1. I'd like to verify a number: residues in region A:182-218 that are at the interface with another protein chain (Cβ under 9 Å from one of its Cβ atoms), away from ligand 1 (no atom under 11 Å from the Cβ) and either aromatic (F, W, Y) or open to solvent by less than 30 Å² (accessible area, probe 1.4 Å) (or both), how many?
2. Can you confirm whether region A:126-137 contains a residue that is crowded, with 16+ Cβ neighbours inside 10 Å, within 10 Å of ligand 1 (Cβ to nearest atom) and within 14 Å of chain B (Cβ to nearest Cβ)?
3. Pairs needed: first member in region A:187-201, in contact (Cβ under 8 Å) with a residue 12 or more places away in the chain and farther than 10 Å from A:I149 by Cβ; second member anywhere, of a type in the set (S, T, Y) and assigned to a helix (DSSP H, G or I); C-beta distance under 7 Å; at least 6 residues apart or different chains.
4. Out of B:A166, B:A230, B:A161, B:A172, I need the residue that is open to solvent by less than 20 Å² (accessible area, probe 1.4 Å) and assigned to a loop (DSSP other than H, G, I, E, B). Which one?
5. With (1) in contact with an Asp or Glu (Cβ under 9 Å, 6 or more places away or on another chain); (2) under 27 Å from B:M165 (Cα atoms) as the list, and A:S3 as the residue in question, which single condition is left unmet?
6. Taking region A:49-70 as the region of interest, how many residues are within 16 Å of ligand 3 (Cβ to nearest atom) and either of a type in the set (S, T, Y) or not in a helix (DSSP H, G or I) (or both)?
7. Please find, within region B:13-64, the residue that is nearest to the other protein chains (Cβ to nearest Cβ) out of those that are in a loop (DSSP other than H, G, I, E, B) and among the aromatic types (F, W, Y).
8. Looking for something touching a residue at least 60 places away in the same chain (Cβ under 8 Å), aliphatic (A, V, I, L, M) and open to solvent by less than 20 Å² (accessible area, probe 1.4 Å) - is there at least one such residue anywhere in region B:14-25?
Amino acid sequence: MLSVLYAILFYVATAIMVVGVGMKIRKYARVPAPLKIPTTPAPTTQTGVVLRMFREVVFFESLFKSNKWIWIFSWVFHMGMWLVLIRHLRYFTQPVWEWVVFAQPYGTYAGFAMLGGLLGLWARRFLVERIRYISNPSDHLMLALLVAIVGSGLMMRFVGSADIIMVKAYMLGLMRLRIETLPANPVLLLHLGLVASLMIIFPISKLMHAPGVFFSPTRNQIDNPREKRHLAPWAAELEK
Amino acid sequence: MADGDDIRKMAHPLEIPRLACGAMADLEPFRAKPEHQEPLGFPGELVENWKEKALEKMADLASKNRAFQVYLETCVKCGACTDKCHYFLGTGDPKNMPVARQDLLRSVYQRYFTFAGKYFPKLVGARDLTEDVLNEWYSYYHQCSECRRCSVFCPYGIDTAEITMAARDIMAHIGIGQKYSNEIIGKVHKIGNNLGLNPKALRATLEDLEEDLEDETGISVRIPLDEKGADILLITPSADFFAEPHIDGLLGYAKVFHEAGVSWTVSSYASEAANFGLFIGSYEQMREISIRIRDAAKDLGVKRIIFGECGHAWRVGYSFLNTLAGPFDFLDPNYPVPQHILDFTWQEIQKGTLNIDKSRNDDIRLTYHDSCNVARASRITDEPGSQFEIPRNVIKAVCNNFYEMERTTTHESTLCCGGGGGLLTDDLMELRTKGASPRMTAVQQVTEDHGVTHMAAICAICKTQFSKIMPKFGYEMDSILSVHQLVSNAIILTGQDPDREVDE
Ligand code: HEM
Ligand code: SF4
Ligand code: SF4
């Protein structure tokens, strides 16, 4: 019964996330940027733009320039998150990919790093007057949700572990449209339930910053307005 | 209290204030009257169904401008930008923090256009569009100089200037415009420049300036107007024709052109580089104003276009002119369109065409203010970063005593003068003064450390703003200089007697 319920939950959550994010990305991609507005100094070539974006996404370059405290918490959290996500791939692959195996041992530290980063970011929302001012309930809830996901994950690892073999069989089954038995471990059920809710709110929340950053005109435009005429389709209409 | 005489004493240019909620809530610039609104195609006063119209315009912008849409949806409220705005630093009003400024509009956008805002408004801070919200928009979207300092520091490059422009555009479309900007745009359309200087008056002014130049140097240096067949069309802010210290910059251009031996002209039809269409966020206005330049260039049959010292005009010139009024395939392809006057002058200095005596600026201990639009929205030559280097190269070539302000307040991190983005109006003097205090604190530092007496800038708005503001911080009104004024001081024209004394 539980197995079926969670199977439905995961199918629905995945569908909402994939379709929702896909639709948003399509919208962002379709709306034109009528003018050249890169924040300068900006790259003058496509390669330069790719490098700029790479530095933003991997190192959070602008944030580093901006505020060292936010940067350190944020970077540790995000990089921890990627490692943890990579580690989770072992539940979905059989045989487990080489590079995922390689990342295995770092996964545990990554979990703690993620938690530390999140708590640091959350603390700022209470302690720094300016950030308290701009925080909405949803900003706190988002952090609470992530802390709960990480917390329940770490609990399974260090307090009472769930039957990993069964979990993996269940996940692999879902991917093949078969419903296996999910172990009825309450912490696991909590963990999975929270992850599913995160997936559902992804496309309607500020988590859209992840795909959004690639569409930011101040960061993704090439600085070549004099060399190459840039014209939005609706603006071309004005010239008729 | 008014006029910003209660300036906060800052220990450091970037010192973060305690929040002073509502400190600037009552300040707003004069609203446009019907006679300022209607010539621009905007309704004269608040339309009856303003709410629907405003939301319609918002949806329209979201479908036409990716920045508007993406920036409203991707901010994570990380807070990195909260201490980056000079108006926040100077006033402590939290609504002058860039993200909070965006939120004034974002909250409404969310309420009507996003799932979370429609069904869970309290959770995400979404709110209905009401008259109070509208008034708050008018006030705080006219406390942003569209300087883009926040965008440098945001991890997603969220540019509050884009939101401010959109907000002003939305307001104009429902009948709430800003008098200062709209009145000026009206003059550009009617007369050709921001100051309403007609061709006859312009000709007389330029002739006077030619006489001054001859008195000063003993050489006849021309400032041609409407000369068909000249090689270069000079597009410069109209302040260069009549206001100090701008005029001295114009005399500098004239001397450089004279020594370079090129033929050039000013146009009475496009006698204005400024483009306030940018400030009010109107693509259509910006386009109409830009097309004048194209028409003037065609009409006069010039081969190149050079822009004089002006910050936002250079942004529109460098970044947008090709888009708005291009293509410029009828001009000489060997030169960039448009070219910056400093690019021209620096090339002449390198070629050795100019006879320069740096010691003629020895009474000046100088610092340089990077203007926001040049720094964060343009280049000067082909090289990224040339917008910082070329002005400094020229300054160092003509002036012996040059000192940089603190690096966190220069280059791409430069602090706005406090008067940009359509705020250079007396009704906002309090804001202008407080917003200038971070920059002025940095200037005071170099005065303490190096005895700096003057500051140079390459923007007409900066120059006007500082000549008003610097006296409030203990400097003389003429402590602000054009870069080409320094060039003008240092040049010895061919045939000029260097010891010639002029009585002022
Ligand atoms: C392309 C990938 C991503 C990039 C470049 C990126 C970058 C950033 C940056 C620069 C911040 C601002 C600093 C901060 O407050 O932490 C941020 C915040 C945040 N990110 Fe990401 N992120 C990415 C993906 C994700 C994903 C997939 C999640 C999903 C859980 C996520 C969750 C968050 C959260 C919750 C915050 C807000 C933290 C707070 O409230 O202070 N990010 N992200
Ligand atoms: S820095 Fe950018 S993402 Fe962070 S709060 Fe400011 S606008 Fe939002
Ligand atoms: S654009 Fe400049 S004035 Fe406007 S919010 Fe950003 S930093 Fe402040």
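The values are calculated or read from the model by the stated rules, or taken from the named source; none is laboratory data. Everything numeric in this text was worked out from a predicted model, so none of it was measured. So basically every Cβ, Gly included, is an ideal-geometry build from the backbone, and we count neighbours across all protein chains shown. Areas reflect the complete protein model, heavy atoms only, side chains present, ligands, DNA and RNA absent. Shrake-Rupley method; radii C 1.70, N 1.55, O 1.52, S 1.80 Å.
1. Residues that pass the stated criteria total 4.
2. Yes, some residue in region A:126-137 is crowded, with 16+ Cβ neighbours inside 10 Å, within 10 Å of ligand 1 (Cβ to nearest atom) and within 14 Å of chain B (Cβ to nearest Cβ).
3. That search, which allows pairs on different chains as well, returns A:V187/A:S152; A:M199/A:T14.
4. B:A230
5. (2) is the only condition that A:S3 fails.
6. Residues flagged as within 16 Å of ligand 3 (Cβ to nearest atom) and either of a type in the set (S, T, Y) or not in a helix (DSSP H, G or I) (or both) within region A:49-70 amount to 3.
7. If we take residues in region B:13-64 being in a loop (DSSP other than H, G, I, E, B) and among the aromatic types (F, W, Y), then B:F42 is nearest to the other protein chains (Cβ to nearest Cβ).
8. Checked against the condition, which is being touching a residue at least 60 places away in the same chain (Cβ under 8 Å), aliphatic (A, V, I, L, M) and open to solvent by less than 20 Å² (accessible area, probe 1.4 Å), region B:14-25 yields at least one hit.
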